[in-house]
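These notes are about the structure you will find just below.
The values are calculated or read from the model by the stated rules, or taken from the named source; none is laboratory data. Predicted model only: the values in this text are computed from it and were never measured. Glycine also receives a Cβ, built like all others from the backbone with ideal geometry; neighbour counts cover every protein chain displayed.
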Amino acid sequence: MSLAVCTVSHTPLMTRNEPAPGVRDRVEAAFAEARAFIGDFAPDVVVVLAPDHYNGFLYDMMPPFCIGTEARSVGDYGYEEGPLQVDRDLAHTLASAALAAGIDVAVSERMHVDHGFTQPLTLLFGGIAAVPTVPVFINSVAEPLGPVSRARLLGDALGRAAAGLGRRVLFLGSGGLSHDPPVPALAGATPEVAERLISGRNPTREQRAEREKRVTAAAREFAAGTLPLQPLNPEWDRALLDVLASGRLEELDSWSNESFVEQAGHSSHEVRTSIAAYAALAATGPYVVTQSFYEPIPEWIAGFAVTTARTA
């Protein structure tokens, strides 16, 4: 078994808002099971597939995909700031393989990543530099977005390349299921907000703290039913997880971008990271899902899942 998968929902509100009784214990148990799976697999390197939330990638240059040969955490929501332990040679190898397969990935020699990358690395490995990684950004927030099939094809290309390395590679997909948090959009934005989405890469600590405070407060209002955000959609979440488990990933090609937003919220596009991760594993043949935890958690504005899979 040279490839394996772990996918996790991320939410910066995990450390800010307390969910209903018992929820945190169940989530921690799911992460403990995932950590045991990863420990048994003993990866040589982790390919982290994650989005960004206008912290590292902004509209001054917004690629659909980007592979980092070097990466640094911005330290948002209290997560560790500083460099990731990036396998530079492997990053270049995977980028070349994706390009050869017709997937137009960008390459960053100085990628900046946020909690989408750092939270799962912290929860699963104990730190952002605890394991060799290759960070792969998948745009899941900034419109316009390409079709979801492109994320699947990216994963397929990365999986085929990784399978020939003779190394144990874990594909870690980080992204929520149904959720529609108060993320600003460029369309219709005020000039001030538009400028931040275009070039606001290095906010002051005070500016970052204020934004994080607003998101935390919004989640509390959402959980209380006083903020009219789009509700979580457990039915959609479970349908997506069922498709991932089935291996019939090409079925997702017919899911339009509009349907994602209508049924599961704007940020449901983050499931592109999970689709890419499973496509990477599928590139080597049939697989089996060994863990599938799911729970809707309104206090975290998250349809929350943890899954693991290996080759059959």
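Annotations for the structure displayed:
- Residues that are in a loop (DSSP other than H, G, I, E, B), of a type in the set (Ser, Thr, Tyr) and farther than 18 Å from GLU258 by Cα within the range 163-193 comprise just one, THR190.
- Cβ-Cβ distances below 8 Å connect the following pairs, each with a first residue in the range 82-111 that is in contact (Cβ under 8 Å) with a residue 60 or more places away in the chain and surrounded by 20 or more Cβ atoms within 10 Å (Cβ to Cβ), a second residue that is of a type in the set (Phe, Trp, Tyr) and not in a helix (DSSP H, G or I), and a separation of six or more residues or different chains: ALA98/PHE65.
- Residue match in the range 147-155 (condition: closer than 29 Å to LYS213 by Cβ and in a loop (DSSP other than H, G, I, E, B)): no
- The numbered conditions (1) touching a residue at least 40 places away in the same chain (Cβ under 8 Å); (2) among the polar types (S, T, N, Q); (3) surrounded by fewer than 17 Cβ atoms within 10 Å (Cβ to Cβ) are all true for THR226 except (1).
- Residues of the range 174-199 satisfying the condition of being surrounded by fewer than 12 Cβ atoms within 10 Å (Cβ to Cβ) and of a type in the set (D, E, K, R): GLU192
- Just one of (1) without any contact (Cβ under 8 Å) to a residue 12 or more places away in the chain; (2) touching a Cys at 6+ places or on another chain (Cβ under 8 Å) fails for PHE57. It is (1).
- Among the residues of the range 40-82, those identified as farther than 24 Å from PRO147 by Cβ, assigned to a loop (DSSP other than H, G, I, E, B) and among the aliphatic types (A, V, I, L, M) are ALA42, VAL74.
- Test result for VAL288, under 24 Å from LEU170 (Cβ atoms), among the β-branched types (Val, Ile, Thr), modelled with pLDDT of 95 or more and outside any helix (DSSP H, G or I): yes
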